[in-house]
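Student: Please read through the structure below; I'll follow up with questions.
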Amino acid sequence: MSKTKVIIAGAGIAGPVLALFLQTKGYDPIIYERTESPTVHGLSLALQTNGLRVLSLLPGLLEKVEGGKIQQLIQYSTLPEDMGELSRSDGPAQVQAKYGYGMMGVGRVRFHHTLLQHAREKGIPIVFGHQLVSFEEMADSVTVTFANGKKNTASFLVGCDGLHSNTRECLFGVQEPIFTGIVQIGGLSETPQELLTPRTAMNMYGNGAHMISYPINSHETSWAVATQEAEAKESWRATDEGAQEEFRRSVFSKWPNGAGQLVEKGTNIVKYGLYDRPELQSWHKGRVVLLGDAAHPTSPHLGQGANQAFEDIYHLVRLLVKHNPNAAQPSTELLGQIFREYESLRIERTASLVKQARHQGEVRVVNGVEECKKRNDFLRTQDDMFSEGRYHQIKAYPFEMGHSEI
């Protein structure tokens, strides 16, 4: 009997990971990607306890991932009227020691290529240059049509095609992304000496600006400066050299604690707006379901975008195993049961984290000396983000260590 075929729309971060899990459970996944080749654009991702825990279930994958394990978090004010360290925490190192996985920065391009290569090594087909434009459901299958006129049929379709998801548009119509009012300029730099030992993530707070930085390997750091300004589309392509050089010489190059050095030595500098979308009340219809940014895009202030996609993958696969243990051709009724249970676990959680991320951005980027002082005072007195109370929503999901159901 032939295996149950699954079409995955999107070969970004989530698509290859989902395909690898589906393959281990007896399905026959095929990934279609709208771009012509793997991306060479983008900066970094912060893999956290919950996401790393999911990836650890795929044998041999994490050993291939090059990253920078974060051991310390520093928060610092550059406001002349209130300059200095706001807090310092070795929480990342403690979380690593206690839960097995802490926080690790990865370069997005290298991490993405690692995922694609691992999937290819497992024999999973990845087809570029195929943009989903429509699909048609039959009694026991779904046929996908691509912009180049080609078609393919599978048992069900999973939309992992990101912020600008064609799958989402086909399901629920066009919904424009919501600009959060915040633009980031970011880049990659050689790690300054003062951030090397221990490996340090840093939040820098100024008047109308916030900068985050973290290591992505043994010698490089990714950084991004957030400000409130006019909308900038997120092409993720490097700005022209003149604009890059102008930013390298900007006021941010004078910031202390290694931050200025990061800006001054920045490469691959990009500028992009931060977006989310209206919250969906359902992520599926019939034999088609959404996952990751296609379902719940978020601004990056909690560093949970990819990690939440990995949680989605864990629960979707867990429910497929639970309700269809032999990976047989599922009926539309059975898929509906699985997808509804998946939504019941995921919609409320992801919606809460999207709102928290947006709020975090609003707290970080404030204007005026007095408002900045209020922000700084709040940050000085706030519980450590790695405290049991605050980090519980990350470290406790999607399963307790040693208790995976897949």
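The values are calculated or read from the model by the stated rules, or taken from the named source; none is laboratory data. Everything quoted here is computed from the prediction, not taken from an experiment. Note that we place each Cβ from the backbone using ideal geometry, even for glycine, and neighbour counts take in every protein chain shown. Protein only, heavy atoms only, side chains kept; ligands, DNA and RNA dropped before computing areas. Shrake-Rupley method; radii C 1.70, N 1.55, O 1.52, S 1.80 Å.
Student: Kindly evaluate His130 against the criterion of being part of a helix (DSSP H, G or I) and either more than 30 Å from Trp255 (Cβ to Cβ) or in contact with a helix residue (DSSP H, G or I) (Cβ under 9 Å, 6 or more places away or on another chain) (or both). Walk me through how you get there before you give the answer.
Tutor: Working: part of a helix (DSSP H, G or I): no; either more than 30 Å from Trp255 (Cβ to Cβ) or in contact with a helix residue (DSSP H, G or I) (Cβ under 9 Å, 6 or more places away or on another chain) (or both): yes.
Spelling it out, it is not the case that His130 is part of a helix (DSSP H, G or I) and either more than 30 Å from Trp255 (Cβ to Cβ) or in contact with a helix residue (DSSP H, G or I) (Cβ under 9 Å, 6 or more places away or on another chain) (or both).
Student: Across the range 1-47, which residue is surrounded by the most Cβ atoms within 10 Å (Cβ to Cβ) among those that are polar (S, T, N, Q) and modelled with pLDDT of 95 or more?
Tutor: Applying the first criterion (polar (S, T, N, Q)) to the range 1-47 yields 2, 4, 23-24, 35, 37, 39, 44.
Right, trim to modelled with pLDDT of 95 or more and you get 4, 23-24, 35, 37, 44.
Details: Thr4: 21, Gln23: 18, Thr24: 15, Thr35: 13, Ser37: 8, Ser44: 28.
Once the filter is applied, the top-ranked residue is Ser44.
Student: Restricting the search to the range 319-358, which residues are open to solvent by 30 Å² or more (accessible area, probe 1.4 Å), part of a helix (DSSP H, G or I) and either touching a Phe, Trp or Tyr at 6+ places or on another chain (Cβ under 9 Å) or in contact (Cβ under 8 Å) with a residue 60 or more places away in the chain (or both)? If you could, list the steps in order and put the result at the bottom.
Tutor: Step one: filter the range 319-358 for residues open to solvent by 30 Å² or more (accessible area, probe 1.4 Å), giving 321-323, 325-326, 328-329, 331-334, 337, 340-341, 344-345, 348-349, 352, 355-356, 358.
Now narrow it down to the ones that are part of a helix (DSSP H, G or I): 321-323, 332-334, 337, 340-341, 344-345, 348-349, 352, 355-356, 358.
Of everything in the range 319-358, those that are open to solvent by 30 Å² or more (accessible area, probe 1.4 Å), part of a helix (DSSP H, G or I) and either touching a Phe, Trp or Tyr at 6+ places or on another chain (Cβ under 9 Å) or in contact (Cβ under 8 Å) with a residue 60 or more places away in the chain (or both) turn out to be Val321, Lys322, Thr332, Arg349, Arg358.
Student: Within 18 Å of Gln304 (Cβ to Cβ) and open to solvent by less than 40 Å² (accessible area, probe 1.4 Å) - does that describe any residue in the range 78-89? Please lay out each step first, then the result.
Tutor: Of the residues in the range 78-89, the ones within 18 Å of Gln304 (Cβ to Cβ) are none.
Taking every residue of the range 78-89 in turn, none turns out to be within 18 Å of Gln304 (Cβ to Cβ) and open to solvent by less than 40 Å² (accessible area, probe 1.4 Å).
Student: If you don't mind, another one. Could you tell me which residue of the range 152-178 is least open to solvent (accessible area, probe 1.4 Å), considering only residues that are among the charged types (D, E, K, R) and in a helix (DSSP H, G or I)?
Tutor: So the first thing to find is which residues in the range 152-178 are among the charged types (D, E, K, R), and the list is 161, 168-169, 176.
So of that shortlist, the ones also in a helix (DSSP H, G or I) come out as 168-169.
Values: Arg168: 5, Glu169: 79 Å².
Here the answer is Arg168.
Student: OK, next. Could you check the range 339-375 and list, in sequence order, the residues that are closer than 20 Å to Ile178 by Cβ and among the polar types (S, T, N, Q)?
Tutor: Correct list: Thr350, Ser352, Gln356, Gln360.
Student: Further, regarding this structure: Taking the range 273-308 as the region of interest, how many residues are small (Gly, Ala, Ser), outside any helix (DSSP H, G or I) and under 15 Å from the mean Cα position of the chain (by Cα)?
Tutor: First, pick out the residues of the range 273-308 that are small (Gly, Ala, Ser): 273, 282, 286, 292, 294-295, 299, 303, 305-306.
Then drop every residue that is not outside any helix (DSSP H, G or I), which leaves 273, 282, 286, 295, 299, 303.
Subset that is under 15 Å from the mean Cα position of the chain (by Cα): 295, 299, 303.
Of the residues in the range 273-308, 3 are small (Gly, Ala, Ser), outside any helix (DSSP H, G or I) and under 15 Å from the mean Cα position of the chain (by Cα).
Student: Considering the range 373-406 alone, what residues qualify as being open to solvent by 80 Å² or more (accessible area, probe 1.4 Å), assigned to a helix (DSSP H, G or I) and more than 19 Å from Gln94 (Cα to Cα)?
Tutor: Selection gives Lys374, Asp377, Phe378, Arg380, Thr381.
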